[in-house]
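Q: Before we start, here is the structure in question, set down as structure tokens.
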Amino acid sequence: MSTSSSPSVAVVVVSFNSSPTLSACLDSLTRYVGTPLETVVVDNASTDDSADTARARHPAPQVIANPTNVGFARACNQGTRATTAPHVLFLNPDAEVTAGAVEALAARLDSAPDVGVVGPLTRDPDGTVQVSTGPDLSLCAERQQRRLVRGVRHREPRAVVEASARHAREHEPDWVSGACLMARREALEVVGGFDERFFLYEEDADLCRRIRSAGWRVVFTPAAEIRHQLGRSMAQAPERARLAYQQSHLLYYQKHNGLVQRVALRLLLAGRALAGLDPALLRLSLGRS
């Protein structure tokens, strides 16, 4: 841990046309965190006033204004390099911390030197539990995960009960959501931070997998809680986000899964592209993006 005069937690918020939610995100850090923070907003060439919104906060965070959209993973690494605190909290601009959440996450890292990443309980604004943890990505695991996520989104009672039970106790999932993820800086440095080939999506699952492979544990704890407007970021540019998701999907499988799984995913995406008359997705599935 750092000395009492310096922050023990750096907060990195990556924004892209996030002004409507960014203010509330930064305000929650001021309102609900009782310890000093080292806060940086990395703005990915927003066309709204996201960067000015960040600069107008009190206390004002450091703002890194990128001239182009470099993607979430690269922006997270920029924010990490611009800070020095031993723990780094990656927080989406459409997320808000609650009282004691940041301190609880930091305390969990401090309690065990082999914990490299910790994630909180995440709820919708209406209080419904979000699915913010899961197993390593595979076709079977993803099918089950999508079924649960879809059920929670539609407020199907069985799915809500299952999601609530999954997130009611501390456990060690394979990954925790990058909407709010606190990592030990030492662990980030050992694995080289986020893989910047992931423009958007799956970078959290990939990071957690590499940190686990390097010998640290990934922990979910309901002792910390946030509110997250799920899907708000994707709504900014839905078509680009959809293709970015599939690009990241393919990259994850290329890095971590065997030939059979990789081929099966490409065939699955090609089938969806043909069924939906989607030439961009078809080119992607054929490796011609």
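The values are calculated or read from the model by the stated rules, or taken from the named source; none is laboratory data. What you are looking at is a predicted structure, and each value in this text was computed from that prediction instead of being measured. Cβ atoms come from the backbone with ideal geometry, glycine included; neighbour counts cover every protein chain shown.
Q: Can you report the number of residues in the stretch 37-66 which are outside any strand (DSSP E or B) and either in contact with a Lys or Arg (Cβ under 6 Å, 6 or more places away or on another chain) or closer than 16 Å to S18 by Cα (or both)?
A: Matching residues across the stretch 37-66 total 14.
Table: residues versus (1) free of Cβ contacts under 8 Å to residues at least 60 places away in the same chain; (2) farther than 13 Å from V176 by Cβ; (3) not in a strand (DSSP E or B).
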{"position": "R197", "(1), (2), (3)": "no, yes, yes"}
{"position": "C208", "(1), (2), (3)": "no, no, yes"}
{"position": "R212", "(1), (2), (3)": "no, no, yes"}
{"position": "A223", "(1), (2), (3)": "no, yes, no"}
{"position": "I226", "(1), (2), (3)": "no, no, no"}
{"position": "L230", "(1), (2), (3)": "no, yes, yes"}
{"position": "S248", "(1), (2), (3)": "yes, yes, yes"}
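Q: Still on this structure: Scan the stretch 165-187 residue by residue and report those that are assigned to a helix (DSSP H, G or I), closer than 13 Å to L121 by Cα and not small (G, A, S).
A: Passing the criteria: only R166.
Q: Name, by its number, the condition in (1) aromatic (F, W, Y); (2) assigned by TED's automatic domain parsing to the domain that holds S23; (3) farther than 30 Å from P20 by Cβ that does not hold for F220.
A: Just one mismatch for F220, condition (3).
Q: Just one of (1) surrounded by fewer than 16 Cβ atoms within 10 Å (Cβ to Cβ); (2) out of contact with any strand residue (DSSP E or B) (no Cβ under 9 Å at 6 or more places or on another chain); (3) part of a helix (DSSP H, G or I) trips up E162, so point out which.
A: (1)
Q: Taking the stretch 8-23 on its own, how many of its residues are more than 16 Å from R55 (Cβ to Cβ), in a helix (DSSP H, G or I) and of a type outside the set (V, I, T)?
A: So the answer is 1.
Q: Looking at the stretch 69-155, what helices (runs of 4 or more DSSP H) fall wholly within it and have at least 1 residues that are under 21 Å from L188 (Cα atoms), of a type in the set (S, T, N, Q) and modelled with pLDDT of 95 or more?
A: In the stretch 69-155, the matching helices (runs of 4 or more DSSP H) lie at 72-81, 101-111.
Q: Same structure again: Which residue is farthest from I226 (Cα to Cα), if the candidates are limited to the stretch 106-131 and must be among the hydrophobic types (A, V, I, L, M, F, W, C) and within 15 Å of the chain's Cα centre (by Cα)?
A: My answer is V117.
Q: So, G119, is that one more than 17 Å from M182 (Cβ to Cβ), in contact with a strand residue (DSSP E or B) (Cβ under 8 Å, 6 or more places away or on another chain) and crowded, with 20+ Cβ neighbours inside 10 Å or not?
A: Taking the combined requirement at face value, the residue does not satisfy it.
Q: Identify, by number, the condition in (1) on the phi > 0 side of the Ramachandran plot; (2) surrounded by fewer than 22 Cβ atoms within 10 Å (Cβ to Cβ); (3) touching a Phe, Trp or Tyr at 6+ places or on another chain (Cβ under 8 Å) that A244 doesn't meet.
A: A244 satisfies all of (1) on the phi > 0 side of the Ramachandran plot; (2) surrounded by fewer than 22 Cβ atoms within 10 Å (Cβ to Cβ); (3) touching a Phe, Trp or Tyr at 6+ places or on another chain (Cβ under 8 Å) except (1).
Let's see how each residue does on (1) at pLDDT below 95; (2) surrounded by 12 or more Cβ atoms within 10 Å (Cβ to Cβ):
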| position | (1), (2) |
| --- | --- |
| Q236 | yes, yes |
| N257 | no, yes |
| R266 | yes, yes |
| L269 | yes, yes |
| L281 | yes, yes |
| G287 | yes, no |
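Q: Note down all Cβ pairs under 7 Å where the first residue falls in the stretch 113-124 and is under 16 Å from A205 (Cα atoms), the second is among the aromatic types (F, W, Y) and in a strand (DSSP E or B), and they're at least six residues apart or on different chains.
A: G119/F220
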